[in-house]
Amino acid sequence: MAPDAVTVDALHFTGDPEADAFLAREPLALLIGFALDQQVTVQKAFSSPLELSRRLGGLDAGQIAGMEPAALEEVFRAKPALHRFPGAMAKRVQELCQVIASEYGGHAERVWTDAADGADLRSRLEGLPGYGDMKVRSLSAVLAKRFGDENALDIAPDHPTLGDVDSPEALEEYQAKKRAYKAAQRAGTKASWD
């Protein structure tokens, strides 16, 4: 753990206390949750790493990286499917785990704990499969605001993100604001997070 890191008991992203605690204690689960966080609810994306761990008997980057792609896809497709697009997301998660296994020795937390500064952290996060600017900034906000990672402060956005979610109620509020923001954008009106 980085010297500036803090202990977090749960990340309130799922509405399931067990899945929320798993995200907080298992860095690979957090990275997988962000990888899955597209075209499904936040709750689905971030509860799926715990279910993946149950189905595999643990969450290990090397194990997932080395699986036959078809076998991992079957794990994702088993009911209930881990994502709306299980085939594509199984591939994405396997690619993510291959990077974690090969570049970080299978230790997902090294993506941020070994970063020299904010620029290095940004580069490391951008190097993860499926991580574009929005995911990089949102994960940076979680690392900064929930885990106390000072390097992440340099790249975390000013607008509300999952990093601001510190309770189930805060998740509801964040999602309501996000829906209103997206609706305003679709309607062509000025959108604000306030």
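Which pairs have Cβ atoms under 8 Å, sit 6 or more apart or on different chains, and link a residue in the range 159-176 that is touching a residue at least 60 places away in the same chain (Cβ under 8 Å) to one that is among the polar types (S, T, N, Q)?
Listed by first residue and then by second, the contacts come to 162/138.
Among the numbered conditions (1) touching a residue at least 60 places away in the same chain (Cβ under 8 Å); (2) more than 22 Å from residue 98 (Cα to Cα); (3) not basic (Lys, Arg), tell me where residue 144 comes up short.
(1)
Any residue at all in the range 12-31 that is without any contact (Cβ under 8 Å) to a residue 24 or more places away in the chain and of a type in the set (Ser, Thr, Tyr)?
Among the residues of the range 12-31, not one is without any contact (Cβ under 8 Å) to a residue 24 or more places away in the chain and of a type in the set (Ser, Thr, Tyr), which makes the answer no.
Considering (1) open to solvent by less than 30 Å² (accessible area, probe 1.4 Å); (2) closer than 17 Å to residue 34 by Cβ, say which one residue 118 fails and leave the rest.
Exception for residue 118: condition (2).
For the range 67-94, give me each residue that is part of a helix (DSSP H, G or I), more than 23 Å from residue 152 (Cβ to Cβ) and not small (Gly, Ala, Ser).
Hits for the range 67-94 are 69, 72, 73, 74, 75, 76, 77, 86, 89, 91, 94.
Restrict the check to the range 180-191 and report whether at least one residue is closer than 30 Å to residue 123 by Cα, without any contact (Cβ under 8 Å) to a residue 40 or more places away in the chain and either hydrophobic (A, V, I, L, M, F, W, C) or touching a Leu at 6+ places or on another chain (Cβ under 7 Å) (or both).
The answer is yes; a qualifying residue exists.
Every residue in the range 88-102 that is free of Cβ contacts under 8 Å to residues at least 24 places away in the same chain and not small (Gly, Ala, Ser), please.
91
Could you check, for the range 104-121, whether at least one of its residues is within 22 Å of residue 19 (Cβ to Cβ) and among the basic types (Lys, Arg)?
No: zero hits.
Given (1) in a helix (DSSP H, G or I); (2) open to solvent by less than 20 Å² (accessible area, probe 1.4 Å), where does residue 62 come up short, assuming only one miss?
(2)
For the subset of the range 165-184 comprising residues that are surrounded by 14 or more Cβ atoms within 10 Å (Cβ to Cβ) and within 15 Å of residue 46 (Cβ to Cβ), which member is modelled with the lowest pLDDT?
Here the residue is 178.
Which number in (1) touching a Leu at 6+ places or on another chain (Cβ under 9 Å); (2) in a helix (DSSP H, G or I); (3) open to solvent by 60 Å² or more (accessible area, probe 1.4 Å) marks the one condition that residue 98 misses?
Here residue 98 meets the rest and fails (1).
When you go through 85, 76 one by one, which is the residue that is of a type in the set (Phe, Trp, Tyr) and surrounded by 19 or more Cβ atoms within 10 Å (Cβ to Cβ)?
76
The values are calculated or read from the model by the stated rules, or taken from the named source; none is laboratory data. Keep in mind that what you see is a predicted model, and the values were worked out from it rather than measured. No Cβ is skipped: glycine too gets one built from the backbone with ideal geometry, and neighbour counts run over all protein chains shown. Accessible surface is based on the protein model in full, side chains and every heavy atom, while ligands, DNA and RNA are left aside. Shrake-Rupley method; radii C 1.70, N 1.55, O 1.52, S 1.80 Å.
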